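The structure appears below as structure tokens.
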Amino acid sequence: MEGLNFDLRQQSVRELNQFLHSDAGKASSGTIEVHHPDGAHSIAAGLNAPLKVVVHGHAGYYAAGMNMHADITIEGSAGTGVAENMMSGRVHVKGFASNSAGASAHGGLLVIEGNAALRCGISLKGGNIVVGGSVGSFSAFMAQAGRMVVCGDAGDGLGDSLYEAVLYVKGSIKSLGADAQLEPMGAQDLQIVTDLLAQAGMSQHRASDFKRVASKRELYHWNADANQEY
Amino acid sequence: MCGIIGLLIKKPALRSELGRWMTPMLIGMTERGPDSAGLAVFSDPLNDEHARKISVYSGLTALGAGFNWHALVAALEKQQGSAVTLQTKDNHAIITVTGDPVQAQHFIKAYDPLLHLLSLGRSIDLYKDIGMPAVVAQRYDFAHMSGSHVVGHTRMATESAVTPDRAHPFTAGQDFCMVHNGSLSNPYQIRRMLEPRGIKFDTDNDTESACRFIEWRMREGDDLKTALETGFDELDGFYTLLMGTENQLALIRDPFACKPAVIAETDDYVAIASEFRSLAHLPDIDHAYVFEPAPQEMYIWKA
């Protein structure tokens, strides 16, 4: 089947998503173009097939949420929770992303060309996130696995209560969260950042300009002597 | 949850479009706030510098929309000793006085305590009511309003009951209003600070305390910017606040950005909404500069 077009001023998000979830939809090979998204919520959420979807405009909340296998591009901005709980595949936002982008993503790659707002990558569980701009405060809070590459700056409390996710920031970090620390970039880090930048189409940045942020691992175990001071 | 909208028309020639552009913005926020809706529309100040417009709501009186406004105006003219003009629409009236406006307000309140005073000023008209935003918009013919800027709200109540007087926007003083998405955790602390200074409250709503706090700071000599800075220190909780004055529109978000906002700007307008859904219909939106306001920053636009 050749490319398909949906116009969300004529069709509902439910019609679009039901098609994308259907056997016929899963079998489509061309690009599925979504026109006039007009900030609607849940566009292309819950996909479970290697589809290619392009959203021409601004998406609302939870766009491309829970994505598996699909390659979803949003030409405009994305609202709260874009690609939340992504399992695999790729979500690419050309504009900015609102709060909680890529929250608890288990896998796949989330690319945001503009800025991401607060709590980007909160509770990340194995996905990769590359942000061309800056990330807001409390990003990667309690991130457990996966990587976040930030080409701009990071806000307050970056990586608070980090587990084993690793964060790479090129610009300034307003403040690190509890138990997050700067660490030297090793050869493996340089390779990871170079690869992720290439995958995101942002190879104009040099991996050697990035800083590594990872967990101090002091919050892993209860420390009775800490007297509640962390 | 609640929905916020704001629109400031940059070119005076386009002010007649205000209603047509902002009504779909308000209705677009119905899912965020289906229980009540309201807006404050600001237009050129009255020519007579002593004249003041008073927006009054009659929906709580025994006769509701059938309230006898003319009898009230006749009595008010006698009290004021000067002409009073009247404009009515359903539960709403704009009463324009040239005498002492505070005395006029006291008179109206004493005339029928169930009348609710919505706003006072030279340029503000304020409408709010319970019901779906589309119903409220239809009731007061929002689509045909004109003006330089508007502050609107659709409410999903969390902090106080669903009644017309607890709908947004709230006002304090003259030509000032506020709408709020979120919930404050210290509204009573703020009330306890303001009440001993003689500041009276109409409702138990948390937004009213923020509104009266900011207006009090400005009355004490702060400019809007300084008042908002103090607001960041004193207001605790979740908030996106949009405020209107005679010639300004101002937006702030709490430091945790718990409540949303998105802004679209063109050469013709600045439009603000909780979500892009309410901006998608605006003219030339595809070429607008669309961005998300940062937490704990002040955004102030001049009308």
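So the values come out like this:
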item	result
Among (1) over 19 Å from the mean Cα position of the chain (by Cα); (2) of a type outside the set (Ser, Thr, Tyr); (3) in a loop (DSSP other than H, G, I, E, B) - the single one A:Gln181 does not satisfy	(3)
B:Phe276 vs. criteria without any contact (Cβ under 8 Å) to a residue 40 or more places away in the chain and buried (at least 24 other Cβ atoms within 10 Å of the Cβ)	yes
B:Thr158, sole failed condition from (1) assigned to a loop (DSSP other than H, G, I, E, B); (2) at pLDDT 95 or above	(2)
Which numbered condition A:Gln11 misses (of (1) within 14 Å of chain B (Cβ to nearest Cβ); (2) part of a loop (DSSP other than H, G, I, E, B))	(1)
Given (1) surrounded by fewer than 22 Cβ atoms within 10 Å (Cβ to Cβ); (2) within 14 Å of chain A (Cβ to nearest Cβ), number of the condition B:Met218 does not satisfy	(2)
Residues (surrounded by 24 or more Cβ atoms within 10 Å (Cβ to Cβ) and within 11 Å of the chain's Cα centre (by Cα)) located in region A:85-97	A:Met86, A:Val91, A:Val93, A:Ala97
Verdict on B:Phe238 being within 14 Å of another protein chain (Cβ to nearest Cβ), in a loop (DSSP other than H, G, I, E, B) and of a type in the set (Phe, Trp, Tyr)	no
Of residues in region A:118-133 being surrounded by fewer than 24 Cβ atoms within 10 Å (Cβ to Cβ) and not basic (Lys, Arg), the one farthest from the other protein chains (Cβ to nearest Cβ)	A:Gly126
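The values are calculated or read from the model by the stated rules, or taken from the named source; none is laboratory data. Just so you know, these numbers come straight off a predicted model, no measurement behind them. For neighbour counting, all protein chains shown are included, and Cβ atoms are generated from backbone atoms with ideal geometry for every residue, glycine included.
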